[in-house]
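Below: one structure, written as structure tokens.
The values are calculated or read from the model by the stated rules, or taken from the named source; none is laboratory data. Given the structure is predicted, the values throughout are model-derived calculations rather than measurements. Positions of Cβ are backbone-derived with ideal geometry, glycine not excepted, and every protein chain shown enters the neighbour counts. For accessibility, only protein heavy atoms count, side chains too; no ligands or nucleic acids. Shrake-Rupley method; radii C 1.70, N 1.55, O 1.52, S 1.80 Å.
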Amino acid sequence: MYNFKEIEQKWQDKWEKEGTFNAKNDYTLPKWYGLIEFPYPSGQGLHVGHPRSNTALDIIARKRRMQGYNVLYPIGFDAFGLPAENYAIKNHIHPKIITKQNTDHFRKQLKSLGFSFDWSREINTTDPNYYKWTQWIFIQLFKHGLAYKATMPINFCTGCKVGLANEEVVNGVCERCGSPVVQKEKSQWMLKITEYAQRLIDDLDDLDFLDKIKAQQKNWIGRSEGAEVNFKIKDSDDSLLVYTTRPDTLFGATYMVVSPEHPFINKHKDMIKNLDEVKEYQEKASMKSDFERSELNKEKTGVEIKGIKAINPLTNEEIPIWISDYVLITYGTGAIMAVPAHDDRDFEFAKKFNLPIKKVIVSKEEFAKYKVDEGQANSKIDDKEMTEAFTDVENGVAINSEFLNGLESKDAINKAIEYIEENKLGSRKVNYKLRDWVFSRQRYWGEPIPMVYCDDCGWVPVPEEELPLKLPEIKDYEPGENGESPLAKQTDWINTKCPHCGKPAKRETDTMPQWAGSSWYYLRYMDPHNDKEFVSKEALEYWSPVDWYNGGMEHTTLHLLYSRFWHKFLYDLGKVPTKEPYQKRTSHGMILGENGEKMSKSKGNVINPDDIVREFGADSFRVYEMFMGPFDQTAEWSMDSIRGCNKFLDRVWSLQDILVEGDQYSKETENMMHKAIKKVSNDIEEMKYNTSVSTFMTMVNEFSKLKKINKKEYETFLQLLNPFAPHITEEIWERLGHTNQLAYEPWPKYDEEKTIDESIDLPVQINGKLRANIQIQKDEDKDSIKAKIHENEKIQAYIEGKEIVKEIYVPNRIYNIVIK
RNA sequence: GCCGAUAUGGCGGAAUUGGUAGACGCACUAGACUCAAAAUCUAGCGAGAAAUCAUGUGGGUUCGAGUCCCACUAUCGGUACCA
């Protein structure tokens, strides 16, 4: 048994003292920048999921150093956030103190795992020297019109008493506390991320992100193409604008629907005959939480707005207008034309309220069957027969639609838009699901938004030379009943002078969301102690972009999107040199408890990394997390398995007992050594760590079998294993007589020639079934192989008396005889 | 519903991308060492008496399919009245 406790402490101390892994400020060297998501220092301490990500990229960082790169592998803490604040409210301890305690604990835990972080660049989002620049970026956004105040119906969590971004609402309840979320009108700071929607899609093309991550980004942005069309209101100059992706179905629009919040209703209240009924419906809808609204989506509700009719611009028919909450004010124009025959939701609504259903599209098969002639209305297809809407764009042909008749849906859409534009009825339009980012939080523990409101000048940013605008020390963290920030009670702090005109003015009391600090942290690492700029130009030019970013799948939509947005904004200002922040993004799978369930305190299946380090050592922990399964997939924790990894390292240590001299690979191992170097080198790049570890195990088995390992072999082995198990390998390296550290030894090279076996155990199949193996030389002549095979007794027994149809030889791979 | 993924021994998982299915590890069994146990070491370990059968199910392509194609099923993750 090797003494991992002593060894790991020894090397960690040495690394710390010597700053072994600090990135060099020599900008002439080839660089590599690896990034892991900086942790939120929770009270629970490090989770076993953190080391999975950290070890994976640590391995790459360590390999890159051995390959001669100047490596930046930084670490910091994303320390603003609700848990610390909620803890503060409960226990009356300042979040700053909690955060400091948690951060110290995290730092100690991370250090005990031997990650090659550059601790000299540690950052913390709650440090005024850091959030100074977060505030600075906000001011730039404001100055360029991308930050604005708007009174918006926002998601309001009844538990946290705080406005939430759409992203923080899960199934209608608060992502953090699980309380119901209701709609509330509130003046909020908003960021115009929608302005970047198209670029956030387009620029994905040049990035090396996992496909599923790109897909998630695109889904979230949710681009759709269609048209906006105006429907005239009868007996009025007004019209109602709708958005549709299916302008080819215009002839089938038999009614319209507006969302309960639509201004149309108030505007025309004089014409509405059943105003009370409509108002009552509006009221009911506003009382519903998001949860109820989606919960009730099975059963549609609505009220007809009586007294007002719209005119279908293509058929000139009068159609009714309804109000219903299945139409959302936040998407498109907040109003729709309903085509019940070709939209599932409209169909359901029409069935319930007995509205006409008019079929204007049939499937290609149906179209062929009825031989519907172009330009001819068709009565053979009975609208009443429909039991569900026909929505397939790929397979539709227009009917009963005058000039669209006979066109396939895709062409019909284009023709319809052309017609609409020519006749000034509307225009082509692209829509996105993505909405502007609600950037205000009515909370204490976040970056103060550096804005001042002056009655005369409006919103004025805090002058940049006054940044950071520090978060004031307060005692009461409880948010106000109406959802105001706790800062709203700090009159001393609020009252200030207008930076513009000098008159008395008031500070913004909302703070930034947790996403803010993490939207640009990768930039600060490049130059963390700069007090003149957020990063120096030289550092940016040298380190940009992040070469490889790894983190959890839970952050591949929002965090990634938000930081890409900020980065693009900074790029437009000429402040950063690249269009995108991260060149490559990968994600690790979750680690579940031993019972296959998500680790949680309540389930009692949480594994504490400290216990694992104490019992097996950091190296065993690291090796196990890499061995447990494919890196990008969910894996269950197994104590038995980690013991196996610990045993493996014991055997690595024991190889010292069978060490012999030698400065060349021995004959018996040469082939294996070259293969192993190749395999491990490639595996690391593809994050196939589990098979790298099995390669190491196979090597140890082989050396044990040979009962010897020479110095050269041992050295190469240690070099390959070093990124995975840095402490034990450094220790043995030293014991082999080296005075330099393994961490900067050049990565071993392999010779392709020598990875190829000289003699091959060639499988021989008959009709695709394995029947024998024969020994051949590499690239042996086919005739010679054929002769050997036909001499083989086993084979002869099989082909005796049978007709040989053909013989297939795949050089050096397989030989197959087909018989009848 | 939509998007994405996954399915291989008792278990975690390998398989050079169409070429010997089950590498490596765990668990298990036997042996060595020990008074004994643990640890360690050695050997065995998909099913079947065998022919053979086996990579979620059913088809297909091929000399040859875990891998490719078609149609399903199950599980997991994300998302959802987005017109």
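Which ones in region A:597-622 are in a loop (DSSP other than H, G, I, E, B), out of contact with any Gly (no Cβ under 9 Å at 6 or more places or on another chain) and within 13 Å of RNA strand B (Cβ to nearest atom)? Don't jump to the end; show me each part of the working.
Start the filter on region A:597-622 by keeping residues that are in a loop (DSSP other than H, G, I, E, B), which leaves A:597, A:599-600, A:604-608, A:617.
Pick out the ones that are also out of contact with any Gly (no Cβ under 9 Å at 6 or more places or on another chain) and you get A:597, A:617.
Residue satisfying the conditions is A:E597 alone.
Among the residues of region A:223-245, write down those that are away from RNA strand B (no atom under 13 Å from the Cβ), open to solvent by 20 Å² or more (accessible area, probe 1.4 Å) and farther than 24 Å from A:L407 by Cβ.
Residues satisfying the conditions are A:K232, A:K234, A:D235, A:S236, A:D237, A:D238, A:S239.
State which residue is farthest from the chain's Cα centre (by Cα) when the search covers only region A:10-47 and only residues that are aromatic (F, W, Y) and open to solvent by 20 Å² or more (accessible area, probe 1.4 Å). Walk me through it before giving the result.
Our first condition is that a residue be aromatic (F, W, Y); within region A:10-47, this holds for A:11, A:15, A:21, A:27, A:32-33, A:38, A:40.
This time we only want the ones that are open to solvent by 20 Å² or more (accessible area, probe 1.4 Å), so: A:27, A:40.
On the way: A:Y27: 31, A:Y40: 17 Å.
Looking at residues that are aromatic (F, W, Y) and open to solvent by 20 Å² or more (accessible area, probe 1.4 Å), I get A:Y27.
Filter region A:563-596 down to residues that are within 16 Å of RNA strand B (Cβ to nearest atom) and either under 22 Å from the mean Cα position of the chain (by Cα) or not in a loop (DSSP other than H, G, I, E, B) (or both), then give me how many there are.
Residues flagged as within 16 Å of RNA strand B (Cβ to nearest atom) and either under 22 Å from the mean Cα position of the chain (by Cα) or not in a loop (DSSP other than H, G, I, E, B) (or both) within region A:563-596 amount to 8.
Which condition breaks for A:R735 when tested against (1) farther than 20 Å from A:C645 by Cα; (2) among the charged types (D, E, K, R); (3) touching a residue at least 24 places away in the same chain (Cβ under 8 Å); (4) within 16 Å of RNA strand B (Cβ to nearest atom)?
(4)
Please count how many residues of region A:663-690 are surrounded by 15 or more Cβ atoms within 10 Å (Cβ to Cβ) and over 15 Å from A:T755 (Cα atoms). Write out each step before concluding.
Initial filter on region A:663-690 (surrounded by 15 or more Cβ atoms within 10 Å (Cβ to Cβ)): A:665-666, A:669-681, A:683-684, A:687-690.
Okay, now just the ones that are also over 15 Å from A:T755 (Cα atoms), so A:683-684, A:687-690.
Total meeting the criteria: 6.
I need the full set of residues from region A:519-556 which are modelled with pLDDT under 95 and under 30 Å from A:P486 (Cα atoms), in order please.
Passing the criteria: A:D531, A:E554, A:H555.
Across region A:428-462, what is the total count of residues that are part of a strand (DSSP E or B), hydroxyl-bearing (S, T, Y) and more than 14 Å from RNA strand B (Cβ to nearest atom)?
So the answer is 1.
Select from region A:787-814 the residues that are within 8 Å of RNA strand B (Cβ to nearest atom) and surrounded by 13 or more Cβ atoms within 10 Å (Cβ to Cβ) and list them in ascending order.
A:I814
Do you know which residues across region A:463-518 are in contact with a helix residue (DSSP H, G or I) (Cβ under 9 Å, 6 or more places away or on another chain), surrounded by fewer than 20 Cβ atoms within 10 Å (Cβ to Cβ), not aromatic (F, W, Y) and not in a loop (DSSP other than H, G, I, E, B)?
Matches in region A:463-518: A:E464, A:A488, A:I494, A:K506.
Can you find a residue that is open to solvent by 30 Å² or more (accessible area, probe 1.4 Å), without any contact (Cβ under 8 Å) to a residue 12 or more places away in the chain and not charged (D, E, K, R) anywhere in region A:770-786?
Yes, region A:770-786 contains at least one residue that is open to solvent by 30 Å² or more (accessible area, probe 1.4 Å), without any contact (Cβ under 8 Å) to a residue 12 or more places away in the chain and not charged (D, E, K, R).
One residue is enough: does region A:221-234 have a residue meeting the conditions farther than 30 Å from A:R564 by Cβ, touching a residue at least 24 places away in the same chain (Cβ under 8 Å) and not in a strand (DSSP E or B)?
So the first thing to find is which residues in region A:221-234 are farther than 30 Å from A:R564 by Cβ, and the list is A:229-234.
Among the residues that remain, those that are also touching a residue at least 24 places away in the same chain (Cβ under 8 Å) are: A:229-234.
Checking which are not in a strand (DSSP E or B) leaves us with A:234.
Yes, region A:221-234 has at least one match.
Counting just the residues of region A:747-786 that are assigned to a helix (DSSP H, G or I) and within 30 Å of A:P723 (Cβ to Cβ), which one comes out nearest to RNA strand B (Cβ to nearest atom)? Even if it seems obvious, please write down each step before you answer.
Narrowing region A:747-786 to residues assigned to a helix (DSSP H, G or I): A:752-755, A:782-786.
Add one more test, that the residue is within 30 Å of A:P723 (Cβ to Cβ), and what stays is A:752-755.
Working: A:E752: 12, A:E753: 15, A:K754: 15, A:T755: 10 Å.
Among those residues, the one meeting the criterion is A:T755.
Select from region A:634-659 the residues that are of a type outside the set (A, V, I, L, M, F, W, C), more than 6 Å from RNA strand B (Cβ to nearest atom) and under 19 Å from A:M699 (Cβ atoms) and list them in ascending order.
A:N646, A:D650, A:S654, A:Q656, A:D657
Would you mention how many residues in region A:336-361 are surrounded by fewer than 22 Cβ atoms within 10 Å (Cβ to Cβ) and either hydrophobic (A, V, I, L, M, F, W, C) or within 25 Å of A:E277 (Cα to Cα) (or both)?
Number of matching residues: 9.
Of the residues A:E594, A:E615, which single one is over 28 Å from A:D208 (Cα atoms), surrounded by fewer than 14 Cβ atoms within 10 Å (Cβ to Cβ) and of a type in the set (D, E, K, R)?
Numbers: A:E615 fails: surrounded by fewer than 14 Cβ atoms within 10 Å (Cβ to Cβ).
Criteria check complete, one pass: A:E594.
Would a scan of region A:246-258 turn up a residue that is open to solvent by 20 Å² or more (accessible area, probe 1.4 Å) and touching a strand residue (DSSP E or B) at 6+ places or on another chain (Cβ under 8 Å)? Spell out how you get there, then give the answer.
First, pick out the residues of region A:246-258 that are open to solvent by 20 Å² or more (accessible area, probe 1.4 Å): A:246.
Then keep just the ones that are touching a strand residue (DSSP E or B) at 6+ places or on another chain (Cβ under 8 Å); that gives A:246.
Looking through region A:246-258, at least one residue is open to solvent by 20 Å² or more (accessible area, probe 1.4 Å) and touching a strand residue (DSSP E or B) at 6+ places or on another chain (Cβ under 8 Å).
If I go through region A:684-700 residue by residue, how many of them are within 8 Å of RNA strand B (Cβ to nearest atom) and more than 19 Å from A:E715 (Cβ to Cβ)?
Matching residues across region A:684-700 total 5.
Restricting to region A:462-486, give me the number of residues that are closer than 14 Å to A:E508 by Cβ and in contact with a strand residue (DSSP E or B) (Cβ under 7 Å, 6 or more places away or on another chain).
So the count comes out to 4.
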